[in-house]
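Structure, as structure tokens:
The values are calculated or read from the model by the stated rules, or taken from the named source; none is laboratory data. Note that the structure is a prediction, hence the values are computed from the model and not measured. Please note: Cβ atoms are built from the backbone with ideal geometry, for glycine as well, and neighbour counts cover all protein chains shown. Only protein heavy atoms, including side chains, enter the accessible area calculation; ligands, DNA and RNA are left aside. Shrake-Rupley method; radii C 1.70, N 1.55, O 1.52, S 1.80 Å.
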Amino acid sequence: FLFIPMQWGAPSGPVRLMTRVVQIVPNVSGQVVEVQATPNQPMTEGQVLFRIDPEPYEIATRLAEATLVRVKTQSKQDIEALADAEANLRRTDAALAHAQARYDDDKKLVESKVYSENRLEKRLTDLDQAHAAVDSAHTAVSRAQAEVGAVMENGEPAKIAEARAQLDQARWNLDKTVVHAPVDGFVTNLALAEGQRAVNLPFAPSMAYVDTSEVILVLQIHQNFLRHIKPDQLVEVALKPVPGKVFMGKVETIIPAVSGGQAQVGGTVAAASVIASEPFLVRIMLEDAQVLQRLPAGSVGTAAVYTESAGATHVIRKVTMRLQAILNYIIPTL
């Protein structure tokens, strides 16, 4: 009458200490010239892990700097080219007006039989050439205006902004030749060495970095007991690496999904599979948070949640938890 309701009034299950393992993938590719990280030694955020040969990126940066200087000079020349094109347009307009006037005068003289038709044909050819020169001058002015008029919202010429962005990209690439630790943690299973080539591809990480800035304790609870568990309920934890002790905590959150509920994306119809009752995960927060910082990731144990149901059975679970903590001295498995 007590042990059966205890299963949902004070459910228990295995717990595991978990943390993130960051795959270190550099933002740029190149030959490794220095590895400063030491395997399994604590590192702080921002410490140098390794360096990539910066010479190709230094060359690219100098090239981008030279391009920016050249483009700035070209921007000044564009203004001068616009002024020259406008002056040329005025000259061609004047030449066209002159050619038109001579054509009109000669046309009157031809009509008066003073000149022959050949003279008028020569004036017509000159007039056509003057029209073509004006059209060409208009095109040159439009082209020059387009170069000068292509500006950003802040008024900077577009070609200068483009060259400046290329320089910023080159400097960013150069800066990323030094790879830093993303958070507090340590490098494990280090195989990277000087002379090897690091690539900025997600399927070819350079090293594995264990994140110790945040560790979480996760409890597995069977689905039929999950309905009684709520956040802030009391939790007791007995951990294998710390035998003989029971740590107090509370339910932080219930992770509302498990791997069995995930639909795999693909081009085929979902196949039937054996359905099993997969336990849900419950995240636990200990009162003494420093306990988790002192334990290695992957540490396991047993935890019990004391719900609002079957309160009379809680004392039995408390006794079994303390027995479990003592048995952790001699029993290596859960």
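Brief remarks on what is shown
- Selected residue (criterion: farthest from Leu219 (Cα to Cα)) from residues of region 299-313 that are surrounded by fewer than 17 Cβ atoms within 10 Å (Cβ to Cβ) and out of contact with any Lys or Arg (no Cβ under 7 Å at 6 or more places or on another chain): Ala312
- When the residues of region 216-252 are filtered to those that are at pLDDT 95 or above and among the polar types (S, T, N, Q), the one that is nearest to Thr307 (Cα to Cα) is Gln233.
- When residues in region 262-298 are screened for being assigned to a loop (DSSP other than H, G, I, E, B) and either surrounded by fewer than 10 Cβ atoms within 10 Å (Cβ to Cβ) or touching a residue at least 24 places away in the same chain (Cβ under 8 Å) (or both), 24 of them pass.
- Within region 293-320, being closer than 18 Å to Val242 by Cα and within 45 Å of the chain's Cα centre (by Cα) holds for Gln293, Arg294, Leu295, Pro296, Ala297, Gly298, Ser299, Val300, Gly301, Thr302, Ala303, Ala304.
- Test result for Tyr329, in contact (Cβ under 8 Å) with a residue 40 or more places away in the chain, surrounded by 11 or more Cβ atoms within 10 Å (Cβ to Cβ) and aromatic (Phe, Trp, Tyr): no
- Count of residues meeting criterion [surrounded by fewer than 17 Cβ atoms within 10 Å (Cβ to Cβ) and either touching a Gly at 6+ places or on another chain (Cβ under 9 Å) or assigned to a strand (DSSP E or B) (or both)] in region 219-251: 6
- Where Ala208 falls short, out of the listed (1) under 28 Å from Pro42 (Cβ atoms); (2) in contact with a Lys or Arg (Cβ under 9 Å, 6 or more places away or on another chain); (3) not in a loop (DSSP other than H, G, I, E, B): (2)
- Answer residue from region 252-261, given it is in a loop (DSSP other than H, G, I, E, B) and not β-branched (Val, Ile, Thr) and is least open to solvent (accessible area, probe 1.4 Å) among those: Ala257
- Only one entry in Ala132, Ala161, Ala146, Ala137 is of a type outside the set (S, T, N, Q) and in contact with a helix residue (DSSP H, G or I) (Cβ under 7 Å, 6 or more places away or on another chain), namely Ala137.
- Flag if Asp104 is closer than 25 Å to Ala137 by Cα, within 56 Å of the chain's Cα centre (by Cα), assigned to a helix (DSSP H, G or I) and modelled with pLDDT under 80: no
- Region 34-57, residues that are part of a helix (DSSP H, G or I) and either of a type in the set (Ser, Thr, Tyr) or surrounded by 14 or more Cβ atoms within 10 Å (Cβ to Cβ) (or both): Pro56, Tyr57
- Residue in region 162-169 that is under 14 Å from Val71 (Cβ atoms) and either open to solvent by less than 50 Å² (accessible area, probe 1.4 Å) or touching a Pro at 6+ places or on another chain (Cβ under 6 Å) (or both) present: yes
- Of all the numbered requirements in (1) open to solvent by less than 60 Å² (accessible area, probe 1.4 Å); (2) part of a strand (DSSP E or B), Asp78 misses one, and that requirement is (2).
- Residues that are under 21 Å from Ser142 (Cβ atoms), free of Cβ contacts under 8 Å to residues at least 40 places away in the same chain and touching a helix residue (DSSP H, G or I) at 6+ places or on another chain (Cβ under 7 Å) within region 69-101 comprise Ala95, Leu96, listed in sequence order.
- Of the residues making up region 34-48, those that are out of contact with any Leu (no Cβ under 6 Å at 6 or more places or on another chain) and either within 14 Å of Asp211 (Cα to Cα) or free of Cβ contacts under 8 Å to residues at least 12 places away in the same chain (or both) are Asn40, Gln41, Pro42, Met43, Thr44, Glu45, Gly46, Gln47.
- Residue list for region 299-334, filter: touching a helix residue (DSSP H, G or I) at 6+ places or on another chain (Cβ under 9 Å) and part of a helix (DSSP H, G or I): Gly311, Ala312, Thr313, His314, Ile316, Arg317, Thr320
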